[in-house]
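Structure first, commentary second.
No lab work stands behind these numbers, since they all come straight from the coordinates. Keep in mind the model is a prediction, meaning the values are calculated, not measured. In this analysis, Cβ positions are derived from the backbone assuming ideal geometry, glycine residues included, and neighbour counts consider all displayed protein chains.
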Amino acid sequence: MSAAPELTPYDPQSVESAAQAFWSEHRAFEAGETSGKPKYYCLSMLPYPSGALHMGHVRNYTISDVISRYKRMTGHNVLQPMGWDAFGLPAENAAIKNKTQPAKWTYANIAHMRSQLQSLGYAIDWSREFATCSPEYYVHEQRMFTRLLRKGIAYRRNAVVNWDPVDQTTLANEQVIDGRGWRSGALVEKREIPQWFLRITDYAQELLDGLDTLEGWPESVKTMQRNWIGRSEGLEIQFNVEGGHEPLTVFTTRPDTLMGVTFVSIAGEHALALKAAASNPELAAFLEQLKLGGVSEAELETQEKRGMDTGLKAVHPVTGETVPVWVANFVLMGYGTGAVMAVPGHDQRDFEFATKYQLPIVQVVRLTQPRNEEESQWSASEWRDWYSDKTREDIELVNSGEFDGLDYRGAFEALAERFERKGQGQRRVNYRLRDWGVSRQRYWGCPIPVIYCDSCGAVPVPDDQLPVLLPENVTLDGVKSPIKADPQWRKTTCPECGKPAERETDTFDTFMESSWYVARYTSPGAEQMVDKRANYWMPADMYVGGIEHAILHLLYFRFYHRLMRDARMVDSDEPVTNLLTQGMVIAETYYRDNSDGSKDWINPALVDVQRDEKGRVVGATLAADGQPVQIGSIEKMSKSRSNGVDPQAMVEKFGADTVRLFSMFAAPPEQSLEWNEAGVEGMSRFLRRLWTQVQKQAAEGAAPALQAQDLNAAQKALRCKTHETIEKVGFDYGKRHSFNTAIAAVMELSNALAKFDDDSAQGRAVRQEALEAAVLLLNPITPHASHALWQALGHGQTLLEDLPFPQADAAAMVRDSLTLAVQVNGKLRGTIEVAADAPKEQIEALAKAEPNTAKFLEGMTIRKVIVVPGKIVNLVAA
C-alpha cells in the first residue's frame, strides 16, 4: 500500500510573496483607457501619511479592493488608484516634536505606509500615485485658484474665525472641542482676520438639487448634506435705529411672529455694537470677553446665554414702537446679517435669553385646536414645544393687530406684500451654508498664489510663475510659520506694475487638495489639471470612506467638481455615483486607575482575558504581573485608549489574506467592526482547512471531466450546493456589498465538502468543481491564497482577475429533495428530508414523525400546521 502523498503546508508569507511578485512582474493592475470593456473606477478616500496604517485603513482599502477585483472578474476595465493627503498641521507638530522637517517626516511616512499597503496585496495602480504636497500636484490647484480669483469666485474679506493661540492657526468648527483646540487644548478665541473664500454659496441650490440624482449614496449622508446646506424661505426686514444709525437688516423664516419682537440681538462684531462700545467701557469689556470661545453652531447652542444692552433702540417696522438692541453671545457675524429679531414667546433660545435678563415675552401665536389641556394654555414663564412649531396647521395670530386670525402662510404673504411695497424688506431664500474659507495661517500647506502690491492690491500670480514653491528645508519653532518669518521668501515683484511687493503667506486648507484628487488620478502626467482621459473615467463609480466625512469633504468635493465642469475640464456634474460609508473598527479597552484620578490605558495585547461561554469578557489581568485590570467599554481604536491593533503585526502573525478575511467577515461594511483576535484565528483555521482540501484533491491527480447526467444523489447535492453558493456570493458582492454573508456561504460549501466522502471519478469531478468555485469566489478577498490554490488545482499561473467570475448553472440548482426545518410553536426541534415535489400531507406526516419533534409533541394536540414551501414546517400545538 503506497503512502499518502505529502501535502504542502500553508505558509502565508511565501504564498503572498509569490503572488505579489507575479502581479508586479506583469504590472497586473495598471489601468488604461483603450479597453473595450466597460470602465469601473473604484476610489478610496486617500490616507494621511501619519506613519503607520491602522485597522481603519485596512478595512477601508480591503472593501475597495474586494469591489475592484470582483468588478474586474465580471468583465470591467477597473481603475483603483492610491495617493497621499500629505499637507496638514500634524506634520508640523510631529516635526517640532521630533526636531525634523515636515517634508522629510511626510515622505518617510509615505514610503513606510506604501510598503504596508503593498504587503496587504491591494490591486492598486501604483503608476498613478502622487502626494498632494508635491509641486507637480499643487501647481494645478494654484492655477485653478488664480482662475477663480479672476472670475470673482475666489475673494478675500475679514472674517471671524476660531483661533488657536498655541498652534497659531484657524480651526474648523469640528476642530473645536468644548471650547478648546483639538490638538493643543488651548482655549479658542474669536479673531477677525483677512481670509480667502470660495463662493460655494453660489452653488447652494445646485448642490442641493444634485443630491436627488445620487441614487447610489446613503440617505443618511444626503440628509446631512441637505441639513448643512439648509435652504430656508423667509423675509428680509429692515429695522431703523434711532440716532441716525444705519438700519438693521434681519432675516427670518417666521415673519408671522413679527409682532412678538421685544428686542433685537446683534453680534459682538457688529458695527453697531462697536460704535456703542466706543462710549461704553462696560460694553467694550463685554465684547472682549465674547472673543473667547469658538464660532461653531454646536457651541453656540450649548453655551450659557449672555448679553448686554447697547443702549440703542430699534424701531419696529409695523408698530413704530422702539425695542432695545442687545449684544448676545449666540449671534455671530458669520451667519446671516449678524442681527436677529428676538421673539421670546416663540423661539426657545430667545425665551431663555429674555427670561435671564427679564425682557418682555409676548404671545402672538395660538392654537385653534389644542390637543390637550397643556396646549390650551399659554405661559410666559414655562417653555412648551408648540410655541415655535410652524408646521402645525391649527395656528393663528393673536395680539397682532390687523394680522390677527391669519395662519402662518397668510401672515407671511401679507407682510411680504407690505414690506416690498414700502421698500422695507423682501422675500428671500437663505441658506445655512456659508462660503468656504480656504486659507490657513500655517506653513505645511499649498501656498496661496497671490501677491500684495501697495498700488495694485491683491494680484494673482501669473501662470508662467507657477508653482509658488513651498520651501521644504526649514526649521520650525512652533510659534511662527517659516514663510511668514522669512522676509526673503515673501519678497517679490508685482506682476502688473513691477514695483516691490510681497507674497501671501497663508496656505490652503487641506480640503482643497482632497476636493479634486479624484480627477487627477485619471490623468497622470497631464500638463493641465486633467486631460481628455478624465471624461473616460469620471464620474467615479464607487467611493469608499468614513461617514465622518459626510458633510465637509464630500460637499467641497462635489462643489469643486462643478468648478472643474464650468471650466470645461470635465463633462459630469457629480464626482462619484456610488458612495459606501464603512463603519469604525472598535476594540475592547482596559485600564488601571492612577492615584490622581486619571486612567492608565493598557493595550489589549498585554492583557490576559477570561471570557464566559458567550465570549463576553468577565475578567482581565495584566500578563506582565498577573494583577487585575479594569474592563472598559468597547470603543473606536485610538492611541488615546491604547486599544489599537498593529496591522503589520497581524499580517506577520496570520498573513495578509487572513487579516483581509476577518475584516470582511466580522461585520457588514456599513456597521462597526469589533476587533477580536479569536475571530482572526478562526479565519486562519478556515483558510488552512480550505488549503488542505485543495492540497488533498491535487495530490490525487487530475480530476476527470464532470458528467452532470451521470451523478448520483449525493453528487447532485454537492453540485447543487456549489452553484447555490456561486449565485449567493455573486449577489452579495455585486448587489449588496455584503461580504460577510458571502464568506459565510463559502464556509458552508467548505463544510459540505468536508462531509462529502466520495472518491469515485465523478465524486472527484464534483469536488474539483466545488473547490475551483470556492477559490475563485474568495479571490477578491484572499487573492494570494487563491492565486496559489488555483495553480494547485491544475491550472497554470495566471491573473485570476482576468478569469470570469463563476456563473451559477440553473439546472444544477434543481433539487430532487429538500431539507426542511421542523418547528413546534416556533421553536426548532428537528429537520426532515423530503422530495422536492412532496405533497403537503406527506410533509406534515414526516414532520410529526420526526423523532425529536415527536418527543416535544407528547401530551399535546396539534391545532394547526403551517408549511412554508422549501423552508420550514411549524406545528402549532397546545
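Residues in the range 641-649 carry Karplus couplings, in order, of 9, 6, 10, x, 10, 6, x, 5, 5 Hz; the curve used is 6.51 cos²θ - 1.76 cosθ + 1.60 with θ = phi - 60°, and Gly or Pro positions show x. Compared with the dominant Cα axis of the chain, that is its longest principal axis, helix 783-792 is turned about 20°.
For the range 831-874, backbone nitrogen atoms closer than 19 Å to the point 7 Å from Val814 Cα along Cα-to-C-beta are found at 834-839, 870.
Residue pairs exceeding 26 angstrom between C-alpha atoms, taken from Lys728/Lys848; Lys755/Lys864; Lys291/Lys356; Lys151/Lys291; Lys39/Lys728: Lys728/Lys848; Lys755/Lys864; Lys151/Lys291.
List the residues whose amide H sits under 5 Å from the amide H of Asn77, counting only those 5 or more places along or on another chain, with H placed 1.01 Å from N in the peptide plane. Under 5 Å from the amide H of Asn77: Lys39, Tyr40.
Loop-located GluC sites (Glu not before Pro) in the range 231-279 (DSSP state not H, G, I, E or B) with no more than 13 neighbouring Cβ atoms inside 10 Å: Glu242.
Here the Karplus relation 6.51 cos²θ - 1.76 cosθ + 1.60, evaluated at θ = phi - 60°, turns the backbone of the range 598-615 into coupling constants of 7, 10, 9, 7, 10, 5, x, 5, 9, 10, 8, 10, 10, 10, 8, 5, 9, x Hz, with x for every Gly and Pro. In this structure, the amide hydrogen of Thr169, modeled 1.01 Å from its nitrogen in the peptide plane, lies closer than 5 angstrom to those of Asp164, counting only residues at least 5 positions away or on a different chain.
Evaluated with a Cβ-only charge set (Lys, Arg +1; Asp, Glu -1), the range 590-632 carries a dipole of roughly 180 debye about its Cα centre, given to the nearest 20. Projecting the Cα atoms of Asn751, Tyr733, Val834 onto the charge dipole of the range 714-870 (Cβ charges, centred on the Cα centre) puts Val834 farthest toward the positive pole. Looking only at the range 449-487, which residues have a backbone nitrogen under 15 Å from a spot 7 Å from the Cα of Arg150 in the C-beta direction? Residues passing the 15 Å test: 449-451, 459-466. Rounded to whole numbers, the Karplus 3J(HN,Hα) couplings from phi for the range 659-665 are 5, 4, 4, 5, 4, 8, 8 Hz, using 6.51 cos²θ - 1.76 cosθ + 1.60 with θ = phi - 60°, and x at Gly and Pro. A straight line joining the Cα centroids of the range 8-33 and the range 540-613 runs 29 Å. Once you have a ≥ b ≥ c as the square roots of the Cα gyration tensor eigenvalues for the range 97-144, tell me rounded if a/c is under 1.5, and otherwise prolate or oblate according to whether a/b is larger than b/c. Here the range 97-144 falls in the oblate category.
Want the number for Glu677 to Arg384: 0.36 nm per residue separation, take away the alpha-carbon distance, what's left?
Additional length available on full extension: 100.3 nm.
Here Arg503, Arg434 are placed in order of increasing Cβ neighbour count within 10 Å, fewest first, which gives Arg434, Arg503.
Residue separation of Tyr452 and Glu304 scaled by 0.36 nm, minus their Cα-Cα distance, works out to 49.1 nm of gained length. Taking only Cα atoms, what is the 0 to 90° angle, nearest 10, from helix 348-357's long axis to the longest principal axis of the chain? Approximately 40 degrees, to the nearest 10.
Sites listed here are trypsin sites (Lys or Arg not before Pro) in the range 620-718 whose DSSP assignment is loop and whose Cβ has at most 12 other Cβ atoms within 10 Å: Lys639.
Charged side chains reduced to their Cβ positions (Lys and Arg at +1, Asp and Glu at -1) give the range 223-275 a dipole of some 220 debye around its Cα centre.
Taking a ≥ b ≥ c as the square roots of the Cα gyration tensor eigenvalues, the range 784-845 comes out prolate, since a/c reaches at least 1.5 and a/b is larger than b/c.
DSSP finds beta bridges in the chain, and of those with both partners inside it, around 80 percent are antiparallel. Simple rule: put +1 on each Lys or Arg Cβ and -1 on each Asp or Glu Cβ in the range 683-813, find the dipole, and look at Leu800, Leu690, Leu789; the Cα lying farthest toward the positive end is Leu690. Put simply, the amide H of Ser439, placed in the peptide plane, has neighbours under 5 Å in Trp196, Asp509, leaving out anything fewer than 5 places away on its chain.
Using a simple charge model, +1 on the beta-carbon of Lys and Arg, -1 on the beta-carbon of Asp and Glu, nothing else, what dipole does the range 503-622 show about its Cα centre, in debye to the nearest 20?
For the range 503-622, the charge dipole is close to 320 debye.
For the chain, the residue among Gly152, Ala770, Ala285 whose Cα projects farthest onto the positive side of the dipole built from Cβ charges is Ala770. How about Lys99: which lysines have a C-alpha closer than 20 Å to its C-alpha, ignoring those fewer than 8 places off in the same chain? Those lysines meeting the cut-off are Lys480, Lys484. Indicate the gyration tensor shape class of the chain (rounded, prolate or oblate), computed on the Cα atoms with a ≥ b ≥ c the square roots of the eigenvalues: a/c under 1.5 is rounded; otherwise a/b larger than b/c is prolate and the rest oblate. Note, shape of the chain comes out prolate.
The sum of -39500 (n - 2.57) across all DSSP H runs of n ≥ 4, divided by the residue count of the chain, sets its helix-only mean residue ellipticity at 222 nm to -10500 deg cm²/dmol.
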